[in-house]
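Input: a single structure, listed below in structure tokens.
The values are calculated or read from the model by the stated rules, or taken from the named source; none is laboratory data. All values derive from a computational prediction rather than experimental measurement. Note that we place each Cβ from the backbone using ideal geometry, even for glycine, and neighbour counts take in every protein chain shown.
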Amino acid sequence: MRAFRFLLVALVCSASFVRAAAPALPARENFHLFLLVGQSNMAGRGAVTDADKAPRPRVLMLNPAGAWVPAVDPLHFDKPAAAGVGLGRSFADAVAAATPGVTIGLIPCAVGGSPIDAWQPGYFYQPTKSHPWDDAMRRAKIALQSGTLKGVLWHQGESDSNRELAAGHEAKLHALIARMRAELNAPAAPFIVGQLGRFTDSPWNQFKTQVDKAHRELPAKVPHTAFVSSEGLADKGDKTHFNSDAYREFGQRYAEAYIKLTSPAK
């Protein structure tokens with residue numbers, strides 16, 4: 001009985017500590033939320049250093065349990081053994097620096113390997129035993145209870161760069177953007193697409209070029225969208241994923257695109 005009481009006290013104290021340690025959230029209008037979606041290069045596969053685990057004062061993330069916690073790498077949890085540094089944190093750092101008084105909330109929802117077909121309601125993606133679209137929308141709606149959606153960061157297309165899927169990629173991407181904006185009641189939410197990796201000794205085939213064309217032409221065809229170049233960014237040696245420094249730079253480029261897209265016209 002004594003041991004049980006000790007255990008109960010320990011659990012209560014532990015729970016109190018977790019509650020006390022939870023970050024204080026700002027007013028809704030000062031909590032700017034960004035949805036991180038796509039496949040593995042959005043999830044991040046870079047090597048994690050101690051610096052990547054250091055919290056930032058105004059950058060939070062929604063964890064797998066749906067709670068706000070300091071944003072540290074790896075942000076994603078789609079494939080826990082593979083998840084690493086991605087572009088989300090450097091994006092958030094840059095946007096936070098450009099918007100004093102605002103806290104950035106990241107909503108990690110990318111799923112490694114997922115084709116764009118997996119990003120539709122009800123689709124079960126067997127490799128991760130998840131529902132990419134449904135899970136992302138559920139998590140986004142949890143996050144929206146606390147803040148305001150300010151944008152969507154998308155990186156996907158490697159899995160569509162083949163004979164069967166490349167030709168239909170553009171129409172599916174446009175449909176996804178419209179569906180996501182409607183689902184989240186955010187008709188003008190900025191949607192930012194990053195270019196697929198252009199790695200040394202890994203030339204593109206015609207299908208990757210076709211997907212890239214759909215990404216490049218997005219801003220001319222869909223309002224409130226932007227394209228981010230990956231020119232000069234290196235891979236981690238696997239000819240598929242960026243390395244950690246490249247992800248950090250890519251996040252900065254996403255931030256520059258977001259700030260440019262949302263700045264008042266002069």
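Within region 175-190, restricting attention to residues that are in contact (Cβ under 8 Å) with a residue 12 or more places away in the chain and in contact with a helix residue (DSSP H, G or I) (Cβ under 7 Å, 6 or more places away or on another chain), which residue is nearest to Gln120 (Cα to Cα)?
Leu176
Could you run through region 128-171 and say how many residues are closer than 15 Å to Gln39 by Cα and either among the basic types (Lys, Arg) or at pLDDT below 95 (or both)?
Within region 128-171, residues that are closer than 15 Å to Gln39 by Cα and either among the basic types (Lys, Arg) or at pLDDT below 95 (or both) number 1.
Helices (runs of 4 or more DSSP H) wholly in region 166-266 with at least 3 residues that are closer than 20 Å to Ser40 by Cβ - which ones?
Once the helices (runs of 4 or more DSSP H) in region 166-266 are filtered for at least 3 residues that are closer than 20 Å to Ser40 by Cβ, what remains is 169-183, 206-216, 244-262.
Checking Pro57 against (1) touching a residue at least 24 places away in the same chain (Cβ under 8 Å); (2) more than 26 Å from Ser229 (Cα to Cα); (3) in contact with a helix residue (DSSP H, G or I) (Cβ under 9 Å, 6 or more places away or on another chain), which test does it fail?
Condition (1) is where Pro57 drops out.
Taking Val222 as the residue in question, decide whether it is touching a Lys or Arg at 6+ places or on another chain (Cβ under 6 Å) and closer than 29 Å to Gly168 by Cβ.
Here the answer is no, as Val222 does not meet what is asked.
Within the group Arg248, Arg253, Arg216, which residue is of a type outside the set (Phe, Trp, Tyr) and more than 18 Å from Gly88 (Cα to Cα)?
Among Arg248, Arg253, Arg216, only Arg216 is of a type outside the set (Phe, Trp, Tyr) and more than 18 Å from Gly88 (Cα to Cα).
Can you tell me which of (1) out of contact with any Cys (no Cβ under 6 Å at 6 or more places or on another chain); (2) closer than 14 Å to Pro108 by Cα; (3) crowded, with 17+ Cβ neighbours inside 10 Å is the one Leu176 doesn't meet?
Just one mismatch for Leu176, condition (2).
Return the only residue of Arg28, Arg45, Arg56 being surrounded by 15 or more Cβ atoms within 10 Å (Cβ to Cβ), more than 14 Å from the chain's Cα centre (by Cα) and at pLDDT 90 or above.
Going through Arg28, Arg45, Arg56 in turn, the sole match is Arg56.
Quick one: count up the residues across region 152-168 that are crowded, with 24+ Cβ neighbours inside 10 Å and either at positive phi or out of contact with any His (no Cβ under 7 Å at 6 or more places or on another chain) (or both).
The total comes to 6.
Pull up region 230-266, narrow it to residues that are basic (Lys, Arg) and more than 18 Å from the chain's Cα centre (by Cα), then point me to the one that is surrounded by the fewest Cβ atoms within 10 Å (Cβ to Cβ).
The residue in question is Lys266.
Residues of region 22-49 being farther than 25 Å from Ala81 by Cβ and assigned to a loop (DSSP other than H, G, I, E, B), which ones?
Those that are farther than 25 Å from Ala81 by Cβ and assigned to a loop (DSSP other than H, G, I, E, B): Ala22, Pro23, Ala24, Leu25, Pro26, Ala27.
Within region 64-116, track down each residue that is surrounded by fewer than 15 Cβ atoms within 10 Å (Cβ to Cβ), touching a residue at least 40 places away in the same chain (Cβ under 8 Å) and assigned to a helix (DSSP H, G or I).
Answer for region 64-116, where residues must be surrounded by fewer than 15 Cβ atoms within 10 Å (Cβ to Cβ), touching a residue at least 40 places away in the same chain (Cβ under 8 Å) and assigned to a helix (DSSP H, G or I): just Ala98.
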